[in-house]
1. Looking only at the range 32-91, how many residues end up being assigned to a strand (DSSP E or B), closer than 14 Å to residue 105 by Cα and modelled with pLDDT of 90 or more?
2. Which of the residues that make up the range 48-69 are in contact with a Lys or Arg (Cβ under 7 Å, 6 or more places away or on another chain) and surrounded by 15 or more Cβ atoms within 10 Å (Cβ to Cβ)?
3. In the range 15-23, is there at least one residue being part of a loop (DSSP other than H, G, I, E, B) and without any contact (Cβ under 8 Å) to a residue 24 or more places away in the chain?
4. So, residue 46, is that one under 14 Å from the mean Cα position of the chain (by Cα), among the charged types (D, E, K, R) and more than 30 Å from residue 7 (Cα to Cα) or not?
5. Could you figure out which of (1) open to solvent by 30 Å² or more (accessible area, probe 1.4 Å); (2) modelled with pLDDT under 90; (3) within 13 Å of the chain's Cα centre (by Cα) isn't true of residue 15?
6. Suppose the filter is of a type in the set (S, T, N, Q) and in contact with a helix residue (DSSP H, G or I) (Cβ under 8 Å, 6 or more places away or on another chain); does residue 7 pass it?
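The values are calculated or read from the model by the stated rules, or taken from the named source; none is laboratory data. Quick caveat: nothing in here was measured; it's all calculated off a predicted structure. Here the Cβ positions follow ideal geometry from the backbone for every residue, glycine too, while neighbour counts run over all protein chains shown. What goes into the accessible areas is simple: the full protein's heavy atoms, side chains included, and nothing from ligands, DNA or RNA. Shrake-Rupley method; radii C 1.70, N 1.55, O 1.52, S 1.80 Å.
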Amino acid sequence: RKPATVTMALRVAVVGGGPAGACAAEILAKAGHETYLMERKMDNAKPCGGAIPLCMVDEFDLPEEIIDRKVRKMKMISPSNKEVDVGRTLKDHEYIGMTRREILDSFLRNRAIELGAKPINGLMTKLNIPEAGS
């Protein structure tokens, strides 16, 4: 006997519209769930880097125009002066894709929205969870 399968559509809120949140919203919307994607600043230009290993460009199905620069060697220095040489293990055809976060984030959010996620430009400050039975 096959186990019974139950298909249930859910209503889901994804808080945070960066790469992780946008990808979560994309997967949920693609699965047919009612998905809301909440981000406090849709046009945010985050100061943190947009470095993406080559394998992730394919994994996230990113178009070539998202990649701003192809870096093969880079030295990162932490505030405590620790140095890391990035790219030492890259093969000749490999690179680390550098993106501008406002472009990458917007691309991923728009892809989720095209699949049905509903964007909410807002800040989540509190969540009230009703007690069981109420």
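1. Total meeting the criteria: 3.
2. 50
3. Yes, that holds for at least one residue.
4. Answer is yes for this residue.
5. It fails just one condition, (2).
6. Working: of a type in the set (S, T, N, Q): yes; in contact with a helix residue (DSSP H, G or I) (Cβ under 8 Å, 6 or more places away or on another chain): no.
No, not satisfied.
One line per residue, one yes/no per condition, for (1) part of a helix (DSSP H, G or I); (2) farther than 23 Å from residue 54 by Cβ:
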residue	(1), (2)
97	no, no
103	yes, no
111	yes, no
127	no, yes
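Yes or no, residue by residue, for (1) under 28 Å from residue 58 (Cβ atoms); (2) hydrophobic (A, V, I, L, M, F, W, C); (3) more than 22 Å from the chain's Cα centre (by Cα); (4) open to solvent by less than 100 Å² (accessible area, probe 1.4 Å):
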| position | (1), (2), (3), (4) |
| --- | --- |
| 81 | no, no, yes, no |
| 90 | yes, yes, yes, yes |
| 98 | yes, yes, no, yes |
| 108 | yes, yes, no, yes |
| 118 | no, no, no, yes |
| 122 | no, no, no, yes |
